[in-house]
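Let me begin by presenting the structure, written as structure tokens, before commenting on it.
The values are calculated or read from the model by the stated rules, or taken from the named source; none is laboratory data. Keep in mind that what you see is a predicted model, and the values were worked out from it rather than measured. Quick reminder, even Gly has a Cβ in these numbers, built from the backbone with ideal geometry, and neighbours come from all protein chains shown. Accessible surface is based on the protein model in full, side chains and every heavy atom, while ligands, DNA and RNA are left aside. Shrake-Rupley method; radii C 1.70, N 1.55, O 1.52, S 1.80 Å.
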Amino acid sequence: MLTEATITKLREMRLSVMANALKDQLADSQFQNMAFEDRLGLLVDAEWNARKNNHLQKLIRQASFSEPGACLENVEYLPDRNLKREELLRFGTCGYIQEHHNIILLGATESGKTYLACALGMAAVRQFLTVKYIRLPDLLVEFNIARGNGSIRKLLAQYKKYSLLIIDEWLLYPLKETEARDLLEIMEVRYKRASTILCSQFDIPGWREKLSDPILADAICDRIVHDAYTIVIGGKESMRKRKGLQET
């Protein structure tokens, strides 16, 4: 009866994994000869591991990766891609995030920019850092809606909190002045406080002509480029073609 009461109390305290582990111990005779401290340690480990795993899964869901299965271990270092394994493994330690630096991924369409960005994001999530992946068009729509309903300050505060923000499809088309101003606000609140990964098809010198106003363009680029590592992804064939079905 005492044991059942203990299990019930554990469940009421939302320690269900520990409660189940205790039931397993009671049903298995091999645990009877173990010291109390050892058995308690196993119960605590079971609950702790479950909670850490649940936290990790929550961070992955909140990141909204377009490639949720991406990981640095599966990046392909083909000769024509010009990727450096040592460099990417170093980024995988997330030191650049602790130092509030950015990463710019440049490459042609389907060169694997998105996968690599998500893989770097997953490396950050594995260290229990908050990450957000979003396409630039979707980001601008969010801010346009927020401006309309008066919640733009709240949205800015939300984007300020992410340890790593991944913006895909960066400057595919010229922006309106209001959109460029929104980008400046985002970069300003994150400047030297958090890290951003940008995925772009266009070299950095070409960004300014897509940011409507030269003064806004300079201000945005100044808050990104000078604190950024740049990775140029090569490739004679798109990754989608390489991964596609082969003709027989």
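General remarks:
- Percent of alpha-carbon pairs separated by more than 29 Å within the chain: 44 percent
- Highest-MSF residue in the chain out of 24, 168, 138 [GNM, Cα springs under 10 Å]: 24
- Mean-position separation - Cα centroids, the stretch 72-91 and the stretch 141-183, in angstrom: 30 Å
- Those residues of the stretch 90-108 whose amide nitrogen sits under 15 Å from the label point placed on residue 203, 7 Å along Cα→Cβ: 106-108
- Given +1 at the Cβ of Lys and Arg, -1 at the Cβ of Asp and Glu and no other charges, the dipole of the chain around its Cα centre is 420 debye to the nearest 20.
- With every protein chain in place and a 1.4 angstrom probe, the accessible-area ranking of 18, 187, 34, largest first, reads 34, 18, 187.
- When trypsin sites (Lys or Arg not before Pro) are flagged only if DSSP places them in a loop and at most 16 other Cβ atoms lie within 10 Å, the longest unflagged stretch of the chain comes out as 85-175.
- Length added when fully stretched, residue 130-residue 86, from 0.36 nm per residue minus Cα-Cα: 13.4 nm
- Stretchable slack from residue 71 to residue 210, in nm (0.36 nm times residue separation minus alpha-carbon distance): 46.9 nm
- Averaged over its residues, the chain has an accessible area of 58 Å² per residue, based on protein heavy atoms and a 1.4 Å probe.
- Seen through its C-alpha gyration tensor, with square-root eigenvalues sorted a ≥ b ≥ c, the stretch 117-157 comes out oblate because a/c lies at 1.5 or above while a/b is not bigger than b/c.
- Using the rule -39500 (n - 2.57) for each DSSP H run of four or more residues, divided by the residues of the chain, the 222 nm mean residue ellipticity is -16000 deg cm²/dmol.
- Applying a DSSP loop filter and a limit of 13 other Cβ atoms within 10 Å to the GluC sites (Glu not before Pro) in the stretch 79-121 leaves 99.
- Here the accessible area is traced with a 1.4 Å probe on the protein chains. For the stretch 1-87, carbon and sulfur cover 53 percent of it.
- Apolar share of the accessible surface for the stretch 146-233: 52 percent from carbon plus sulfur atoms, 1.4 Å probe.
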